1. Which entry is the computed Cα Rg over 2.2 N^0.38 Å for this structure: [x] 1.07; [y] 0.98; [z] 1.12?
2. What residue among 191, 245, 179 shows peak mean-square fluctuation when the chain is described by a Gaussian network model with Cα springs under 10 Å?
3. If you rank 136, 253 by fewest surrounding Cβ atoms within 10 Å, what's the result?
4. At a Förster distance of 30 Å, what's the computed FRET efficiency of residue 124 paired with residue 31, Cβ-Cβ distance as r, to 0.05?
5. Using a Gaussian network model of the chain whose springs link C-alpha atoms within less than 10 Å, name the residue from 163, 226, 314 with the highest mean-square fluctuation.
6. Please figure out what share of the DSSP beta bridges in the chain is antiparallel and state it in percent, rounded to the nearest 5.
7. For segment 127-193, calculate the relative contact order in percent as a whole number, restricting contacts to Cα pairs under 8 Å that are 6 or more residues apart.
8. Evaluate the relative contact order of the chain (contact order divided by residue number), counting alpha-carbon pairs under 8 angstrom at least 6 apart; express in whole percent.
């Protein structure tokens, strides 16, 4: 089978697009792409590198003989629908691909919309306010919001915008950070109640009856009053945190995590694989933070770290995601 690999490499994005220091955070490294390519080739497949952006478009319109695309492309620009760019083109060309469809990818990158949808299904999520622009700053009741709070861009992933200053303790700090992020990220900003407790992420692979890959708790090595799994922590994870997997939590909490993860997965229409992030309060109650229907597959990515701790190989994860996609395309599964 000829598999196209759609991806956005950090060094392939034009420098003028780098508006902030974390602009390239969600894009992949050459190492990650090579691991995915080798994993698929070891399964007896041929892999054609498609890249992302204009390179991807040129490759697809050149008449390539692609059977299915393994998609990890994050898309270009700051649009909330950017992760849907590659799948939209592939659907227009009627070419099968791995992962969620354009609608799910666009919805899940919109944090407030995602929170509204899962909340309607009974999944707990921290309270929040959305600041759409500088003209609405004075309309927010800063003094009565719950503090501490986390301030973050509404349409970003990979912890972009979640730096040390994102944790705010009062209205003055919140207003200042919101103004800063509105300026830097050029999109609405979410001010969300901070749930003091553990950070837990849940990995999922599959479709009709998806499997929970595992549940992983993030434990800071240095005691801190309000631990934030910030971008700085993720960049230096080997020094700053330990990953506990399986997560040693109470049975009721684990059951709730499983139920809420799968409910979010199905409600939002995720396919093949995803990762769901939660905060756990002092009573052991999980609060949904976000879902990533296009989670990273690099050696430093939470889904891979989790799987390796549970005895998977990196290749197992890649092949499992690919096989889940094949099951949705019977004609390919029989090829």
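Values quoted throughout were computed directly from the atomic coordinates according to the rules given, and no laboratory measurement underlies them. Predicted, not measured: the structure shown is a model, and the values here were computed from it. Reconstructed Cβ throughout: ideal geometry from the backbone, glycine too, with neighbour counts over all protein chains shown.
1. Computed from these coordinates, Cα Rg over 2.2 N^0.38 Å corresponds to label [y].
2. Among 191, 245, 179, the largest GNM mean-square fluctuation belongs to 179.
3. 136, 253
4. Numbers: r = 37 Å, r/R0 = 1.24.
The computed FRET efficiency comes out at 0.20.
5. 226
6. Working: 37 of 48 bridges.
Roughly 75 percent of the DSSP beta bridges within the chain come out antiparallel.
7. Working: 111 pairs, mean separation 33.5, N = 67.
Normalised by residue count, the contact order of segment 127-193 is 50 percent.
8. 18
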